[in-house]
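Visitor: Structure provided below as structure tokens; questions to follow.
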Amino acid sequence: MTAPIDLRSDTVTRPTDAMRAVMAAAPVGDDQYGEDPSTNRLQARMAEMLGKEAALWLPTGTMANQVALRTLTRPGDEVVACRESHAAWHELGGAAANAGVQIHEIGQDGVFSADELRCATKPRNFAIFPTTTLVEIENTHNRAGGVVVPQDVVLSVCAVARELGLATFLDGARLWNASAASGIALDTLAAPFDLVAVAFSKGLGAPGGSLLAGSKALIAAADRHRRRMGGAMRQNGIFSAAALHAIDHHLERLPEDHANARAFAEQLLAGAPIQLDLSTVQTNIVVFHIPAALPLDAQNLSTLARERGVLVNAFGPRTVRAVTHLDVDRTQCLHAAGVLAALLTR
């Protein structure tokens, strides 16, 4: 049976044979005692790549984001983030349940301005308001279609945050893609932020793992929260070895995923009357909308496409997401676009 063309996410990739080999051979120890050599090597390397003093491995991107919130805020605080941010939409209310904070969403299309941040920050001398303590930027922005937040916007937002006494956090789960698309080095993208999160299972093809990077003091605090949340590991080197292999072998190929996403989007737009702004297809994510005039909604399209060997995500009632990655090639992406276009126009 032919395997489906899986465009649901870049997290569906399977370790390559070479990655499996380095995982099997990885030197390991008890990471909770700080004795896993592969994890220590990964953390040191990522701290250097992101231009930070220290780094901390975590099992998942959601835990990385939740630990960052616990580290940089107190219960009852308010966090400013972009509209439809991952922290607000895709973490099961974890910001409230784990950190006890509320999220104030501003901006649109994955971006907000320094002026919007200034307006959203609550006055601290008004007793009934929560205290705004943190601003979070998601780069690339998932629900906006993988758009890259312009670095000049990042710099202006973080400058206002410092002026207002706010901490700064970068949800950079796909920061690799932002770097590949913009040509800006990882450490430059990360520089304005107190804490930065990256994910090894998105784009890079590792079977799991994320990481926080920041000052030694913040990473020490984050480690305590990681332990409280059950995220301290034992012989974690098998995951760390996969991440190290991914950095060495899968980082430079990311433009291929971006080109495949663009080709997919162009073919789909040419073949079906969908709503899709090609200017948003900057990395490996394509988000498109099905007009109300068409009989299929997103879930129907997803179900029918699955029957024809193409997997995509219904991202809303009439919104669909497709994500390219190292397990799909150009031919498969174009075939998938053709299948979707045929369903939408039949």
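Visitor: Run through segment 249-346 and list the chymotrypsin sites (Phe, Trp or Tyr not before Pro) located in a DSSP loop whose Cβ has at most 13 other Cβ atoms within 10 Å.
Guide: Hits after loop and neighbour filter: nothing returned.
Visitor: At q = 0.10 Å⁻¹, what log₁₀ I(q)/I(0) does the chain have when each alpha carbon counts as one equal point scatterer in the Debye sum?
Guide: -0.61
Visitor: If you build the convex hull over the alpha carbons only and average its shadow over all orientations, what do you get for segment 146-261? Give it in nm² to one decimal.
Guide: So the Cα hull casts an average projection of 8.2 nm².
Visitor: What GluC sites (Glu not before Pro) in segment 239-346 are in a loop by DSSP, with at most 11 other Cβ atoms within 10 Å of the Cβ?
Guide: E252
Visitor: Nearest 0.05, what FRET efficiency do D187 and E307 give at R0 = 51 Å with Cβ-Cβ as r?
Guide: 0.65
Visitor: Can you tell me how much longer the chain between H249 and R234 gets when fully stretched, taken as 0.36 nm per residue apart minus their C-alpha distance, in nm with one decimal?
Guide: The H249-R234 span can extend by a further 2.8 nm.
Visitor: Still on this structure, please answer the following. Identify which of D152, D223, D297 has the largest mean-square fluctuation in a Gaussian network model of the chain, with springs joining Cα atoms closer than 10 Å.
Guide: For the chain, modelled as a Gaussian network with Cα springs under 10 Å, the answer is D152.
Visitor: If you don't mind, another one. Using a 10 angstrom cutoff on alpha carbons, build the Gaussian network for the chain and name the most mobile of A25, A305, A222.
Guide: Most flexible of the set in this elastic network: A25.
Visitor: Based on alpha-carbon centroids, what's the gap between segment 1-46 and segment 79-155 in Å, whole number please?
Guide: Cα centres, segment 1-46 to segment 79-155: 31 Å.
Visitor: For segment 78-131, state which trypsin sites (Lys or Arg not before Pro) are in a DSSP loop and have at most 13 other beta carbons lying within 10 Å of their beta carbon.
Guide: Within segment 78-131, the qualifying trypsin sites (Lys or Arg not before Pro) (loop, at most 13 other Cβ atoms within 10 Å) are R124.
Visitor: Separate question: Tell me what the chain gives for mean residue ellipticity at 222 nm when only DSSP H runs of n ≥ 4 count, each as -39,500 (n - 2.57), the sum divided by the residue total, rounded to 500 deg cm²/dmol.
Guide: Taken over the chain, the calculation gives -12500 deg cm²/dmol.
Visitor: Can you work out the base-10 log of I(q)/I(0) for segment 1-117 at q = 0.17 1/Å, using the Debye formula on its C-alpha atoms alone?
Guide: The Debye formula, applied to the Cα set alone, gives -1.10.
Read the figures in this text as sums done on the coordinates, not as results from a lab. As the structure is a prediction and not an experimental result, all values here were calculated from the model. Glycine also receives a Cβ, built like all others from the backbone with ideal geometry; neighbour counts cover every protein chain displayed.
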